[in-house]
There are 2 protein chains.
Amino acid sequence: VSTTQQAVRPTDPTGGRPVVPSTGVLRPLGLSEIALTGGFWSCRQRTNAQATLAHCQMWMERLGWVANFDRVADATTRPDRPGLVFSDSEIYKLLEAMAWEFGRTGDLRVDAAFRALSERVVRAQDADGYLNTSFGHGGQAPRYCDLAGGHELYCAGHLLQAAVARLRTYGVDELVEAARRSADHVCDTFGAGGIASVCGHPEIELGLVELGRALGEQRYVDQALLFVDRRGHGTLGDHAFGREYYQDDVPVRDADAWRGHAVRALYLSAAAVDVAVERKDQVLLEAIARQWANTVARRTYLTGGMGSHHQDEGFGRDWVLPADRAYCETCAGVGSVMVSWRLFLATGDVRYADLIERTFFNIVATSVREDGRAFFYANTLHQRVPGPAVTDDEVSPRASSSMRAPWFDVSCCPTNLARTMATWHTYAAAIDRTGLSICQYAAATVRTTLQDGREIGLDIQTNYPRSGLVTVHITRPTPGPWTLRLRIPEWAEGAVVQDGGQRTLAHPGFFQLERAFAVGDQITLDLPMAPRFTNPSPHVDAVRGCVAVERGPEVLCLESVDLPAGVSLDEIRIDTSIPPSEHHGRVLVAGRRVEVREDAWPYSSGDEWSADSQQVVDLPLTPYHAWADRGPSRMRVWLPTV
Amino acid sequence: VSTTQQAVRPTDPTGGRPVVPSTGVLRPLGLSEIALTGGFWSCRQRTNAQATLAHCQMWMERLGWVANFDRVADATTRPDRPGLVFSDSEIYKLLEAMAWEFGRTGDLRVDAAFRALSERVVRAQDADGYLNTSFGHGGQAPRYCDLAGGHELYCAGHLLQAAVARLRTYGVDELVEAARRSADHVCDTFGAGGIASVCGHPEIELGLVELGRALGEQRYVDQALLFVDRRGHGTLGDHAFGREYYQDDVPVRDADAWRGHAVRALYLSAAAVDVAVERKDQVLLEAIARQWANTVARRTYLTGGMGSHHQDEGFGRDWVLPADRAYCETCAGVGSVMVSWRLFLATGDVRYADLIERTFFNIVATSVREDGRAFFYANTLHQRVPGPAVTDDEVSPRASSSMRAPWFDVSCCPTNLARTMATWHTYAAAIDRTGLSICQYAAATVRTTLQDGREIGLDIQTNYPRSGLVTVHITRPTPGPWTLRLRIPEWAEGAVVQDGGQRTLAHPGFFQLERAFAVGDQITLDLPMAPRFTNPSPHVDAVRGCVAVERGPEVLCLESVDLPAGVSLDEIRIDTSIPPSEHHGRVLVAGRRVEVREDAWPYSSGDEWSADSQQVVDLPLTPYHAWADRGPSRMRVWLPTV
């Protein structure tokens, strides 16, 4: 039985933060401590609010996933329940997104939508706190009969995360109370003396820790630790893709890299960091940091994408990174940001913020269509055949990667994007006792309090990533010196910081300005945005002999729609002796067309496969996040060189 | 109801042939018209007889797959029937292998094993001819309730193929009669006016045509044509991997390349050729020839392996040919041989025999372990991590590719190999009205009759592929001139034929000797067996910048067990300026070790990833078919060049 029953509304003076670790180097900003004022992410965040939330709800109503809750409440559940076994979680992720969005803007229409939807959810809760529309009602299989595949605790975890968002942006309401009952039920059922197992899909751990933090319920944190430490001992039994599929092969503390199903691995790791910082468990924290490092070094795409296999949506072995069968599930990108953010808050290590930026621009921004109403589930780096156009009125198979689709049979990604976009600005900066670290560049205003209690305020102006110029104006008087840290991305060798009359070369990492600041002080950061060639390590077999082009945080690509008539994407070879250039806002690379012989047998003792043209053509590249915006297309991130 | 009820024993004076097209350029040899007398394939054929047949039976008894038939006969079938839904087909493929093996050697123990096993099968047949242990008995789902996934007609097709083998090597027996009842039942149920659909896995078509040919039942051939033409119209409905998974996306006549599940595509195509030659349907024949040509040019591995995807065991798009995630299912190799053989018999085109050789040496011979008791299900071209040793007492997941395994959860490959190996010698040559074409080189004796009735006899001596020397002795007097054709493989530029005192340069294709031959005449073929470098087409993105080494028909590979201590397979670069050599029977290539930097992030603006050593080392290669013979190992077919 819980002890903290009194409502606090709103609970969080910062306006609400998705992750609130009680120890660690940095404290994240809340929804009302920072606001985007324009540019790349502001535009996407607005689209998320104006289009994506309603789009997700419309599809889930249309497919009967929301009505599943009504049927449980009305005892009219039938065996032919629509939706896959985990569809409840999509409603929870949408509720979470709505709660953050209400916290961000105070839009009462969003609040009303949240109330109406959460009311239907809460009605479906059983008396003992169990809440799930796929098991235990109307002739369905009994509760917890299929922990490996049933996703019951996974769904509960998302309910808890939705409740955390509501609690921190509004206060205790019916959904929060339902989540508390659900968490109590989980602890009662799976705690010491209960079912000694875990869910096939990690997520409950994340929900339990954060709800535990938000409500001050240590029991929930302890239960999360129990789940984290139970995993890796074969409790779930064999799986066709191996026990690594659900990380039940090796204990979390002992593993050296992420493996198996990517989203599972990442959710589990995010929760493990949460537990580690709550319990000051340095061994656990270091285990996840080690897994992050090895995975980033050997199992991650240039885009930040994770998960190389279609078959199991999983990580491959080291260096298995095919461009054309890249899976790079959008949710794995979201999961990667979740882990990196938690590690960043715990350690302050800039590498985590670097990967977050890469993943934001090249997975998160890639997945969602400009209008916020269609999504990539998988994010390939090489589209060989332009797929058919997808209509806005059909459910797509999840891994079709030729065009963004409005909805999927397995539709975890749209709502995951929705909750991420609603909170995007909270990833842009973090504070500590004596300073503020700007992690992601976007036009924004910040007004927050250092951990020593002093208020600071600043205004960030930039058109990043179109431009690399970022200007920070101090907008509030703050007594005494404090530290402003500017993240210099790993690719930004040659960045310059101008503070007053002083220009300083700033190397990758955090550039620190430690002084007293006065209102009106201006600090300018100039990041080098010239497009650059990027070469893969020879370990990455799949793209040997190829080059990619990046510009700032954006990975670029070549689309067939930009080629001269009659030239095929496969015939292009890049001349890397000519640096990429920019012209009218587009990046150009110099390429030649080669004619590749097509034989009856594509292997030969001779080596005269292609006749190189001497004619150099300028090839206009597109940011990867904007590919397929102009209809079905062939696309390559990695381009063969001359 | 069938009209041909009288028994003929044995039916086929040639000793039995797996495929007997009634039209076409060539006639295949029967089991008693050719015999292997030693060497590579003779050894494997003997091992198949002595070990593999009993091994398969032992596993199927042990797992209860054979007893499933007893339980149906005894009406004791229970819902927890062991084995997957298609396990009956494994018993049928084993029966087929046993029948051919009995035909080949007359070994009465094999005949006894066949009788005992087939008796148990026949007892399980329902009164109306339906025979299946997964549906329709003891609380199981009803017959034909799941045509897309149930494999009922697939199983029936294998029953029919087993019966054909028995009919041609022995005569009519109970199994043949059971197959006839089964075929009649299929025609009654799925013929005009019946269920207007097809089976999710093609195979019934193959069984129907061949049984139709063997029994002179045109109705069976017509039903096969009906099935072939029904496919491609969406009858089976959607599939998670697309309708192409079971070739129900495009009619057989309209398709341009193989796609979807590789074994399905290949079985269907083999049957389509059978139907085409029976019905003199040139459009259908040309459709399959076109699909063969496009698939071989763009969707086939150097090994002849087909099927690039693990997820759906399917073909990829053009040029999707990753080495490290190559699927190349063994059964797809068998299926490829089946299609090529039928196209070869129909057209006489040497390209089909070329691909058969490549597939025999590099898929079929690779899959089975030297002792005939363990198998690769998938045949990767790049093993990144040596897997755990597989014990001879456990069932493996099918796609584990690190070691050959004794049995699989889905165990289609062992019995498919068994029936192929038992008939291997029948692929070695074919005859027409005035001559004999030697297609595959092996020490063998041939005694057969030309289509004009003249007898010919010859003795082939060779240690191929160890040596490229093949000597043909004429052993029977044959009146008048006839034509001896020797296949010069596509890789064998520079081959020399010596006939009496005359030496002639023979180019790839069929080399013809048209003359009268006397007993004792000797013709010698000298094939160039020097190892050679093979370069991939630039279209094959996955192996850009790499080279393979081949020697005769064998693809070679480099295994980590052959590297100097402390050198990793990933550090090897081949110096292609130094031709491969042979030393003490092993092929050596010159390589250098490079030290590849391992960074936190495997992509970089700089290009100084590796430091090239100047020290050249000789690297001993292994025939790909022998890889993993010395325990778990890393392995590469495609080796990066300096």
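The lone criterion from (1) open to solvent by 30 Å² or more (accessible area, probe 1.4 Å); (2) over 15 Å from A:ILE438 (Cα atoms); (3) more than 14 Å from every other protein chain (Cβ to nearest Cβ); (4) aliphatic (A, V, I, L, M) left unmet by A:ALA530 is number (3). Checking each residue of the range A:319-335 against the condition of being surrounded by fewer than 23 Cβ atoms within 10 Å (Cβ to Cβ) and aromatic (Phe, Trp, Tyr) gives at least one match.
Quick grid of which residues meet (1) farther than 28 Å from B:ASP312 by Cα; (2) charged (D, E, K, R):
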residue: A:ALA270; (1), (2): yes, no
residue: A:LEU285; (1), (2): yes, no
residue: A:TRP292; (1), (2): yes, no
residue: A:THR295; (1), (2): no, no
residue: A:ASP312; (1), (2): no, yes
residue: A:ASP318; (1), (2): no, yes
residue: A:ALA323; (1), (2): no, no
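Can you tell me which residue in the range A:542-578 is farthest from the other protein chains (Cβ to nearest Cβ), limited to those that are charged (D, E, K, R) and over 14 Å from A:PRO640 (Cβ atoms)?
Taking the range A:542-578 first, the residues charged (D, E, K, R) are A:544, A:550-551, A:554, A:559, A:562, A:570-571, A:573, A:575.
Okay, now just the ones that are also over 14 Å from A:PRO640 (Cβ atoms), so A:550-551, A:554, A:559, A:562.
On the way: A:GLU550: 8, A:ARG551: 12, A:GLU554: 14, A:GLU559: 17, A:ASP562: 20 Å.
Step by step, filter the range A:542-578, then rank; the result is A:ASP562.
Taking the numbered list (1) touching a Lys or Arg at 6+ places or on another chain (Cβ under 9 Å); (2) open to solvent by less than 60 Å² (accessible area, probe 1.4 Å) in turn, B:ARG593 passes all entries but (2).
Going through the range A:596-622 one residue at a time, which ones are of a type in the set (A, V, I, L, M, F, W, C), within 14 Å of another protein chain (Cβ to nearest Cβ) and in a strand (DSSP E or B)? Correct list: A:VAL596, A:ALA611. If you go through the range B:342-354 and pick out every residue that is open to solvent by 10 Å² or more (accessible area, probe 1.4 Å) and either touching a strand residue (DSSP E or B) at 6+ places or on another chain (Cβ under 8 Å) or on the phi > 0 side of the Ramachandran plot (or both), you end up with 3. Of all residues in the range B:47-59, those that are within 15 Å of B:ALA99 (Cβ to Cβ) have Cβ atoms under 9 Å from Cβ atoms of residues that are of a type in the set (S, T, N, Q) and open to solvent by 20 Å² or more (accessible area, probe 1.4 Å), 6 or more apart or on another chain, in B:ALA49/B:THR105.
Residue-by-condition table, conditions (1) surrounded by fewer than 24 Cβ atoms within 10 Å (Cβ to Cβ); (2) within 18 Å of the chain's Cα centre (by Cα); (3) farther than 30 Å from A:VAL275 by Cα:
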position: A:CYS43; (1), (2), (3): yes, yes, yes
position: A:THR52; (1), (2), (3): no, yes, yes
position: A:ALA67; (1), (2), (3): yes, no, yes
position: A:GLU96; (1), (2), (3): no, yes, no
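Could you tell me how many of the residues in the range B:547-568 are in contact with a strand residue (DSSP E or B) (Cβ under 6 Å, 6 or more places away or on another chain) and either of a type in the set (D, E, K, R) or open to solvent by less than 10 Å² (accessible area, probe 1.4 Å) (or both)?
Here the count works out to 11.
For the range A:628-642, a residue qualifies if it is within 14 Å of chain B (Cβ to nearest Cβ), of a type in the set (A, V, I, L, M, F, W, C) and in a loop (DSSP other than H, G, I, E, B), and the qualifying residues are A:VAL637, A:TRP638, A:VAL642. Screening the range B:334-382 for residues that are of a type in the set (Asp, Glu) and in a helix (DSSP H, G or I) and picking the one that is farthest from the other protein chains (Cβ to nearest Cβ) gives B:GLU357. The helices (runs of 4 or more DSSP H) located wholly in the range B:164-254 that include 2 or more residues which are free of Cβ contacts under 8 Å to residues at least 40 places away in the same chain occupy B:174-190, B:218-230.
In the range B:293-306, the condition of being away from chain A (no Cβ under 14 Å) and open to solvent by 10 Å² or more (accessible area, probe 1.4 Å) is met by no residue. Determine whether the range B:466-484 contains at least one residue that is among the polar types (S, T, N, Q), buried (at least 21 other Cβ atoms within 10 Å of the Cβ) and in a strand (DSSP E or B). Taking every residue of the range B:466-484 in turn, none turns out to be among the polar types (S, T, N, Q), buried (at least 21 other Cβ atoms within 10 Å of the Cβ) and in a strand (DSSP E or B). In the range A:487-500 there is at least one residue matching the filter, namely being modelled with pLDDT under 95 and farther than 25 Å from A:PHE533 by Cβ.
Just to check your reading of the model, which residue among A:GLU177, A:GLU203 is at pLDDT 95 or above and open to solvent by 20 Å² or more (accessible area, probe 1.4 Å)? Can you show your working first?
Numbers: A:GLU203 fails: open to solvent by 20 Å² or more (accessible area, probe 1.4 Å).
Result: A:GLU177 is the single residue among A:GLU177, A:GLU203 that is at pLDDT 95 or above and open to solvent by 20 Å² or more (accessible area, probe 1.4 Å).
Can you find a residue that is of a type in the set (Phe, Trp, Tyr), open to solvent by less than 10 Å² (accessible area, probe 1.4 Å) and either within 14 Å of chain A (Cβ to nearest Cβ) or under 22 Å from B:GLY150 (Cα atoms) (or both) anywhere in the range B:247-265? Scanning the range B:247-265 turns up no residue that is of a type in the set (Phe, Trp, Tyr), open to solvent by less than 10 Å² (accessible area, probe 1.4 Å) and either within 14 Å of chain A (Cβ to nearest Cβ) or under 22 Å from B:GLY150 (Cα atoms) (or both).
Right, B:ARG503: more than 14 Å from chain A (Cβ to nearest Cβ), farther than 24 Å from B:ARG342 by Cα and part of a strand (DSSP E or B) or not? Taking the combined requirement at face value, the residue satisfies it. All told, B:HIS625 falls short of being open to solvent by 10 Å² or more (accessible area, probe 1.4 Å), more than 30 Å from B:THR391 (Cβ to Cβ) and away from every other protein chain (no Cβ under 12 Å).
Taking the conditions (1) under 26 Å from B:ARG630 (Cβ atoms); (2) within 16 Å of the chain's Cα centre (by Cα) in turn, B:PRO322 satisfies each one other than (2). I need every pair where a residue in the range A:69-88 that is under 13 Å from A:HIS137 (Cβ atoms) and modelled with pLDDT under 95 has its Cβ under 6 Å from the Cβ of a residue that is open to solvent by 70 Å² or more (accessible area, probe 1.4 Å) and in a loop (DSSP other than H, G, I, E, B), sequence separation at least 6 or different chains. Final answer for the pair search is A:PRO79/A:GLY139.
Whether a residue is out of contact with any Leu (no Cβ under 7 Å at 6 or more places or on another chain), of a type outside the set (Gly, Ala, Ser) and surrounded by 18 or more Cβ atoms within 10 Å (Cβ to Cβ) was assessed, and B:LEU211 does not pass this test. A single entry from A:GLY453, A:GLY480, A:GLY509 fulfils the requirement of being at positive phi and within 14 Å of another protein chain (Cβ to nearest Cβ): A:GLY509. Scanning the range A:576-590 for residues that are at pLDDT below 95 and open to solvent by less than 50 Å² (accessible area, probe 1.4 Å) yields a total of 1.
The values are calculated or read from the model by the stated rules, or taken from the named source; none is laboratory data. What you see is a predicted model, and the numbers here were worked out from it, not measured in a lab. As a convention, Cβ positions derive from the backbone with ideal geometry for all residues, glycine included, and neighbour counts pool all protein chains shown. The accessibility values were calculated without ligands, DNA or RNA, using every heavy atom of the protein model including side chains. Shrake-Rupley method; radii C 1.70, N 1.55, O 1.52, S 1.80 Å.
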